[in-house]
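First up is the structure itself, then whatever we jot down about it.
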Amino acid sequence: MTKQYHVTLTPAERARLQRAITARQSSQRQRTHARILLLADAAQPAGAAPDAVICQKARTSPATVGRVRRRFATEGLETALAHKPQVNRKEPTLDGEAEAHLIALVCGAPPEGQQRWTLQLLKETLIERGYTDTVSHETVRQRLKKMNLSLG
């Protein structure tokens, strides 16, 4: 099958990719993408390597080779090396202020008529006091676990 997107690197781009491969500050993903682009470069004396060779040398799949080549051709070098921005990422339901109040609640005495705090009770108290609009008891549990706090 013929390649739809071709990679032709300038000497500056080639130097940038060589630095990305050797730099310890680069992530493994960036180093892999840099290797793919260097091997797929049509401007090198031997020409672009076949996809099968690129996959083997970069230890990746043919789909990744195609994606990196496409992103380079359509969006440029930096975009081909960087992660895609996560557009559908959900905002955390508990921010820093709400977490601080959660800690204060857990460390304080339980409400009248209760022997101890429960996840449901903490959830309802956070909502009643206006620290958040909605939160699940599972989110409360995960935050407590993250901060090494227990209800016992």
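Here is a yes/no grid of residues against (1) modelled with pLDDT of 90 or more; (2) open to solvent by 70 Å² or more (accessible area, probe 1.4 Å):
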| position | (1), (2) |
| --- | --- |
| ARG67 | yes, yes |
| THR74 | yes, yes |
| VAL140 | yes, no |
| GLY152 | no, yes |
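Taking GLN86, is it among the polar types (S, T, N, Q), open to solvent by 50 Å² or more (accessible area, probe 1.4 Å) and within 30 Å of ILE21 (Cα to Cα)?
Considered against the rule, which asks whether it is among the polar types (S, T, N, Q), open to solvent by 50 Å² or more (accessible area, probe 1.4 Å) and within 30 Å of ILE21 (Cα to Cα), GLN86 comes out as yes.
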task: For region 4-30, name all the residues that are part of a helix (DSSP H, G or I) and crowded, with 18+ Cβ neighbours inside 10 Å.
output: GLU13, LEU17, ALA20, GLN30
- prompt: Which is under 30 Å from SER26 (Cβ atoms) and outside any loop (DSSP other than H, G, I, E, B), of THR64, THR125, THR139?
  reply: THR64
statement: Within region 107-119, the count of residues that are open to solvent by less than 80 Å² (accessible area, probe 1.4 Å) and in contact (Cβ under 8 Å) with a residue 12 or more places away in the chain comes to 4
message: For region 45-57, give me each residue that is in contact (Cβ under 8 Å) with a residue 12 or more places away in the chain and either open to solvent by less than 20 Å² (accessible area, probe 1.4 Å) or not in a helix (DSSP H, G or I) (or both).
response: ALA48, ILE54
- prompt: How many residues are more than 11 Å from ARG35 (Cα to Cα) and hydroxyl-bearing (Ser, Thr, Tyr) when one looks only at region 52-71?
  reply: 2
Filter pass, SER136 being open to solvent by 30 Å² or more (accessible area, probe 1.4 Å), touching a Lys or Arg at 6+ places or on another chain (Cβ under 8 Å), at pLDDT 90 or above and small (Gly, Ala, Ser): yes
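Any chance you could count how many residues in region 89-106 are part of a helix (DSSP H, G or I) and surrounded by 10 or more Cβ atoms within 10 Å (Cβ to Cβ)?
The total comes to 9.
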query: Cβ-Cβ below 9 Å, separation at least six or inter-chain, first residue in region 58-71 and more than 18 Å from ALA82 (Cβ to Cβ), second open to solvent by 40 Å² or more (accessible area, probe 1.4 Å): which pairs?
result: ARG59/ARG35; PRO62/ASP51; PRO62/ALA52
message: What's the total number of residues in region 78-100 that are in contact with a helix residue (DSSP H, G or I) (Cβ under 7 Å, 6 or more places away or on another chain) and touching a residue at least 24 places away in the same chain (Cβ under 8 Å)?
response: 6
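The values are calculated or read from the model by the stated rules, or taken from the named source; none is laboratory data. Remember, predicted model here, so these are calculated numbers, not experimental data. When we count neighbours, we look across all protein chains shown, and the Cβ atoms used for this are built from the backbone with ideal geometry, even at glycine. To get the accessible areas, we keep the full protein, side chains included, count just its heavy atoms, and leave off ligands, DNA and RNA. Shrake-Rupley method; radii C 1.70, N 1.55, O 1.52, S 1.80 Å.
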